[in-house]
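S.K.: Could you have a look at this structure, given as C-alpha cells, before my questions?
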Amino acid sequence: MMKVLVAGASGVIGHEVARLLVEAGHAVRTLSRNAQRAERLRTLTSDVWIADATQSGALQGICQGIEVVVSALGAPVLPGGGTRGSFAEVDRAANERLLAEAVTAGVRRFVYVGVYTTPAYVNTAYVRAHSAVEAQIQQSGLEHGFVRTTGVFGALAELVKMARKGPVPLIGDGSAKTNPVHETDVAEAVLTAVFAAGSIELELGGPETLSRRRIAELAFLACGKPPRLIAMPSWLMRAIGWCYGLVNRRMSELLAFVIPASTTDCVAPAAGTRRLGAYFEKVASGRLGDGEH
C-alpha cells in the first residue's frame, strides 16, 4: 500500500485520481482550497486537508508520511473560477509551495497534471505557468511524472448548461479540431505516472477528433434542442480580453489562451474509449455520478 497526496482533489481530475487510488487499496490524503467542495471527498478518505496553497505557510506538514504527490492544483480554465489572480500567482505559486513541502518531507515522486501545448499558444501566460512548474519539478531532483492533456470533458460540461438557456458563442468559424478527453482517462494516465519506474512524460487526448463547432452541437443534441451558435470573431474576443486586462488579469490571460486554443488544431495522442456525446447526455439528464465526473 502506498500513501499518496492528491492536491486539487476537489476538481474533476483530482477527484478521479483519488477515487482510483482508493479503489486500488492505497491510502490517500487530499488537499482542497474549498471546504464545501471537499465534503464529497470524505466518502473516499478521512485524511482531508483544507488550505489555500498560494498562501505562505498554509501547507506546512502536509507531505509528512507521503511517498508520492499528485498535483492537479491550478485555477480552472473557466470564467470566474473564484479568483482574479494571474495564473502565475495561482498555478505557479501553489505548486512551488507544494513542491517545497514535498522536498522537505523527503517525498520520492511528484506527478503533475499539465497542459498539452501547440506552438499557437505556447507563449500564453496559462502555458508559461505550467511550464515553469514542470521546470521547478525537474530541478528538484525528485522522480517525476508529467501528464499533459487536451481539454477534459468536465471543463466542457458548461456548454450543456449554456445550450439549455440559448445560443452558445463560437470563437472563429468553429473548424479547428481537438480531441477532448474524459477525466477518468486522464486519471488512469496519472496512475500510470504514479507507479512508473523512473521519470515519465505522457501526453493524451480522447479517442474522437472533433471540430469546435461539432463539440458545441453535441451540447445542444444532448439537450434535445437544435444548435444555435453565435460566431464571435477572434479580433472581437481579443478586444474583450484587452478590456478585461484593465480589471481582471486572470480573465484576460484566460482569453489569451482560449482564443488560439479554439481557433487552431490541438490534437494529442489518443487515449481511452469514452466519448463526449455520451458524457454530455449524462450531464443533461443529471445522471453523471461519482466515478463519471
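S.K.: Of the beta bridges DSSP finds with both residues in the chain, what % are antiparallel, to the nearest 5?
M.R.: Here the share of antiparallel DSSP bridges comes out near 5 percent.
S.K.: Out of every Cα-Cα pair in the chain, what percent are more than 26 Å apart?
M.R.: Cα-Cα pairs in the chain separated by more than 26 Å: 43 percent.
S.K.: In addition: Compute the helix-to-body angle for 276-285: its Cα long axis versus the longest principal axis of the chain, expressed 0 to 90° and rounded to tens.
M.R.: Taking the Cα atoms of the chain, the angle to 276-285 is about 90 degrees.
S.K.: Tally Lys and Arg at +1 and Asp and Glu at -1 over the other residues with C-beta under 13 Å from the C-beta of residue 284: what net charge comes out?
M.R.: Charge balance in the 13 Å sphere: +4.
S.K.: Eight or more residues apart or on different chains, and alpha-carbon atoms under 29 Å: count the Lys pairs in the stretch 3-285 matching that.
M.R.: Total qualifying Lys-Lys pairs in the stretch 3-285 comes to 9.
S.K.: Ok, one more. In nm, to one decimal, how far is the residue 247 label point from the residue 46 one, both placed 7 Å along Cα→Cβ?
M.R.: Here the answer is 4.8 nm between the modelled labels.
S.K.: Another question about this same structure. For residue 138 and residue 27, calculate 0.36 nm times their separation in residues minus their Cα-Cα distance, and state this gained length in nm to one decimal.
M.R.: Values: separation 111, 0.36 × 111 = 39.96 nm, distance 2.57 nm.
Length difference between fully extended and current span is 37.4 nm.
S.K.: Between the helical axis of 183-195 and the dominant principal axis of the chain, each derived from Cα atoms, what acute angle in degrees is found, rounded to the nearest 10?
M.R.: 30 degrees
S.K.: Around residue 115, which amide H atoms from residues at least 5 apart in sequence, or from another chain, sit under 5 Å from its own amide H, with H modelled in the peptide plane?
M.R.: Under 5 Å from the amide H of residue 115: 149.
S.K.: Using helices alone, what [θ] at 222 nm do you get for the chain, with -39,500 (n - 2.57) per DSSP H run of 4 or more residues, divided over all residues and rounded to the nearest 500?
M.R.: Result for the chain: -12000 deg cm²/dmol, rounded to the nearest 500.
S.K.: In percent, how large is the relative contact order of the chain, given Cα pairs closer than 8 Å and 6 or more residues apart?
M.R.: For the chain, the relative contact order is 19 percent.
S.K.: Kindly state, to the nearest 0.05, the FRET efficiency for residue 161 paired with residue 39, given R0 = 25 Å and r defined as their beta-carbon distance.
M.R.: The calculated FRET efficiency here is 0.70.
S.K.: Here's something else I'd like to know. Could you check the simple spin-label distance between residue 108 and residue 267, using points 7 Å along Cα→Cβ, in nm with one decimal?
M.R.: According to this spin-label approximation, the distance is 3.9 nm.
S.K.: Where does each of 105-113, 53-61, 182-190, 4-12 land if you order them by average Cβ count within 10 Å, highest first?
M.R.: Going from most to least packed, we get 4-12, 182-190, 105-113, 53-61.
The numbers here are math on the coordinates, done by the rules we state, and not lab data. Just so it is clear, the model here is predicted, and its values are computed rather than measured. Quick reminder, even Gly has a Cβ in these numbers, built from the backbone with ideal geometry, and neighbours come from all protein chains shown.
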